[in-house]
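Presented below is the structure to which this report refers.
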Amino acid sequence: MPTHPELLDWLATELIAQGWNIKTFLKELVTSATYCQSSRITPELQERDPVNLLLARGPRYRMSAEEVRDQALFVSGLLSEKMYGPPVRPPQPSLGLSAAFGSSLDWKTSEGEDRYRRALYIEWRRTNPYASLATFDAPTREVCALRRPRSNTPLQALVTLNDPVYVEAAQSLARRMAQNCRSNARQSHLRFRTLPRPPAT
């Protein structure tokens, strides 16, 4: 049974009162305090609503494939803020394969700032998708995807350990911390700021 029957009734009457305007109705939903609340949980909320049936907090979800990559580049200070322009080809592991129709189709890594542009600008090929994004459940774009699955596989951990983009991001982050922080305690504090939790005491 619904946990908020009065709210459902009110929403139904609001939709009718707005002349069945779906755009206005959706705007009202997404600007509501319930929709915009944080996913952080306090002990009191955990005790009162352990499985979030009463919508005491926002839902937790993993970032999309593009967001995972962009976040790693942003934290490391490598993310390019350049906008628009042609698609880019960031570094990816060499598979030792050559295109059957000539070298013009082979993946040649972009130079300079284009290596670190947002994932939105990555060239996407259905015949040879960007492996890092595919591992984090990016759609293949062969058909329209209404919802992305969220899998958890060991391959995702291996991507963040071995993919050239994440290796360069980790190296850049380490350089930034070494240059900006003289004490080990400050470096440790900054390392934990990249994680979604505080250090254990």
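Structure above, values below:
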read-out	value
Longest site-free stretch - the chain; sites: chymotrypsin sites (Phe, Trp or Tyr not before Pro), DSSP loop, at most 11 other Cβ within 10 Å	102-201
Debye, to nearest 20: dipole size of the chain, +1 on Lys, Arg Cβ, -1 on Asp, Glu Cβ	660
Between 0 and 90°, nearest 10: helix 65-76 axis offset from the chain longest Cα axis	70
Debye equation applied to the C-alpha atoms of the chain, log10 I(q)/I(0) at 0.08, 0.17, 0.18 Å⁻¹	-0.45, -1.24, -1.31
Hits among aspartates and glutamates - C-alpha to C-alpha of Lys23 under 14 Å, sequence gap 8 or more where chains match	Glu14
Cα-based shape type of region 1-93, given that a ≥ b ≥ c are square roots of the gyration tensor eigenvalues and the cut on a/c is 1.5	oblate
Charge sum, other residues only, whose C-beta stays under 13 Å from Asn21's C-beta, Lys/Arg counted +1 and Asp/Glu -1	0
Residues of type lysines that Lys108 reaches as a straight line, Cα spacing below 28 Å, ignoring anything fewer than 8 places off in the same chain	Lys82
Shape of region 5-48, Cα gyration tensor, a/c cut at 1.5	oblate
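Coordinate-derived values only; no laboratory data. As the structure is a computational prediction, the values presented were derived from the model and not from experiment. Neighbour counts are summed over all protein chains in view; Cβ atoms, including those assigned to glycine, are modelled from backbone coordinates with ideal geometry.
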